[in-house]
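Every number in this text was worked out from the coordinates using simple rules, so none of it is lab data. Small disclaimer: the values here were computed from a predicted structure and weren't measured. Note that we place each Cβ from the backbone using ideal geometry, even for glycine, and neighbour counts take in every protein chain shown.
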Amino acid sequence: MPAPFFIKGNKNRMEEKIQKLYESLNRISVEYLLCLNRNNVKDTGKLMPEIEEFARWFLQENIFGIEQDLYEGMSNNLLQILNDIVTAMEQNDRVLLNDAVTYGLLEYLKLFAVQGEDSNDNL
């Protein structure tokens, strides 16, 4: 799948970081759902600096050229997802964490990540 219309040219450093974060979180999600690996709190915790960096980048300003109302709605939703992730980690709630990552954060990362034919987007 080609990069979104607002990302053109060579991959920059942030795009590479987003791609790596997407792949890491997607792997954790797949292992949680299919392999019954219940270490998602610990594994996701290791990625919190990268998650925070993505959130700061996304929230810094509307660099995507989308309607301001849409951007603000997406920003508020991202903040709620991040709140769910933090709450889940504090409470060691693997189910909430999986839901927040798989059905929340990964959807944002997917906007910027290049997905191969073998990606597990159906989770």
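At q = 0.12, 0.14, 0.15, 0.26 Å⁻¹, what is the base-10 log of I(q)/I(0) for the stretch 17-109 according to the Debye formula with one equal point scatterer per Cα and no solvent? Please give it to two decimals.
-0.36, -0.49, -0.55, -1.42
So how far apart, in nm, are the two label points at D99 and E72 if each is 7 Å from Cα heading toward Cβ?
2.8
For K17 and L36, compute 0.36 nm times the residue count separating them, minus their Cα-Cα distance, and round to one decimal in nm.
Details: separation 19, 0.36 × 19 = 6.84 nm, distance 2.68 nm.
Extending this stretch completely gives an extra 4.2 nm.
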